[in-house]
Each structure stands twice: as structure tokens, then as C-alpha cells.
1. How much net charge surrounds M55 when only the other residues with a Cβ under 11 Å from the Cβ of M55 are counted, with Lys and Arg +1 and Asp and Glu -1?
2. Take the alpha carbon atoms of segment 17-88, find their center, do the same for segment 146-178, and report the distance between the two centers in whole angstrom.
3. Using only Cα atoms, find the angle between the long axis of helix 174-191 and the longest principal axis of the chain, and express it within 0 to 90 degrees, rounded to the nearest 10.
4. Rounding to the nearest 10 and keeping the result within 0 to 90°, find how far the Cα-based axis of helix 98-109 lies from the longest principal axis of the chain.
5. Using the heavy atoms of the protein chains alone and a 1.4 angstrom probe, what is the accessible area of segment 1-86 per residue in square angstrom?
6. Find which of A146, S173, V190 sits farthest along the positive direction of the dipole of segment 83-192, computed with +1 on the beta-carbon of Lys and Arg, -1 on that of Asp and Glu, about the Cα centre.
7. Using the Cα centre as the reference, give the magnitude of the dipole from point charges on the C-beta atoms of the chain (Lys, Arg: +1; Asp, Glu: -1; all else neutral), rounded to the nearest 20 debye.
8. Give a quick list of chymotrypsin sites (Phe, Trp or Tyr not before Pro) in segment 127-173 that DSSP marks as loop, anything other than H, G, I, E or B, with at most 11 other Cβ atoms within 10 Å.
Amino acid sequence: MRESDGMNIVEIIRQEVMEKNKNHQEKDGFDIYYDHVRYVVRNALNLAKKQNADMEIVELGALLHDIAIILEEGEVEDHHINGAKIAEEMLLKYHYPMDKIERVKQCVLNHRGMSEFPRKTKEEEIVADADVISHFDFIPSLYSNAFHQLGLNVREGTVFVKKKLEKDYSKLSPNTKELLKERYQMIRKVLFLEED
């Protein structure tokens, strides 16, 4: 790990992301770090331990996966592309090794699971899965999005959240899907009354 003023690179980046998040939160009212990124980091580290992945790459990828959204850089649909560029710039500032920067960038770039950005390493897969699992960790944020940002009524919002969770679950890697299966079924049972 690179050291700077007694802090390791992960802590430096965490502090920088949290600081940048304050500006975003003041404008948007949504605390993306507290309500999303910290869950992604926690889930990524748990998965990385189980899969014997590179913890530092995974943690940096998780911390930086939505950095373009926090900085409001470009369109949200392209946040993975813009985020990879921003991650590189941030890590270069601290003289982080270029080979590791490339690995972190790939985690950021491929976290959305789009076919044009296939995951090639377990670290990339872990960050992508951790991002999805975070939606199951803080379901109120999905409802907030449905009601406040999209302006949906209760029925529409419920359908939105149900479909979002179904889509997210389907995007998980097979191993992570199996780990989350029981929890996913319980969430569906508790939140969504199946109509006759």
C-alpha cells in the first residue's frame, strides 16, 4: 500500500470520496456515500474474503464505482465510463502503481454489467455484485427514488421497486445469486403481496 501522511491509499480515497460526497449531498439531498457506497464497500469486502480476491483493488473499486455520479460528471447512463477516467486521475495523484490503477478502472468500468463491458476478473465481478447487493441492503432508497425522484404513486412505486430487485437479482453472478437467494425470497415475501 502507498502511504501519504501516514494514511494508506484506501483511506485516502475513502476520505476524498466522502468529502466530494458532501458537495453532492448539499445539491441533491441524497447521501450517496452513506446510503449506497458504504454498503457496496462492505459487501465487496465480504465477497472478496470468500473468493480470495485482491482486497485493496476490490475496496478501491467499490469506493470509486459511482464517483462520476457524486461529481455529476456526464450523464448518469455513462457514469461507469466517466468514473473509470476519474478513478485513474484520483489514483495517479497519489502515485498508485499503474497496473493496479488499470485493475481498479476495470472494476469501475464493468460494474454495470452491460454486455459491451464484460467482467474479466473476480474483482470486477465482486464490485458489480456488491453494487447490486447494496440495493437489497437499503430498500428505502429505492422507494425514495420511486416516490420522490420519479414521482410515482404507491402502486407504481411498489411495482418499480419489485421489478428493480428482480432485475438486480438476475444480474448477479451464479455464486453470489446462491448466497443471496434466501434473503431475496424473504424480501419478496415481506414486501410484495402476490396478486391472485
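1. For residues surrounding M55, the net value is -3.
2. Centre-to-centre (Cα) distance: 20 Å.
3. Tilt relative to the chain: about 40 degrees.
4. 10
5. Result: 50 Å² per residue.
6. Result: V190.
7. Details: 29 positive and 37 negative charges, 124 e Å.
The dipole of the chain has a size of about 600 debye.
8. Of the chymotrypsin sites (Phe, Trp or Tyr not before Pro), not one in the loops of segment 127-173 has a Cβ with at most 11 other Cβ atoms within 10 Å.
The values are calculated or read from the model by the stated rules, or taken from the named source; none is laboratory data. All of these numbers come straight from a predicted model, not from anything done at the bench. Quick reminder, even Gly has a Cβ in these numbers, built from the backbone with ideal geometry, and neighbours come from all protein chains shown. Just the protein is used for accessible areas: all its heavy atoms, side chains included, with ligands, DNA and RNA removed. Shrake-Rupley method; radii C 1.70, N 1.55, O 1.52, S 1.80 Å.
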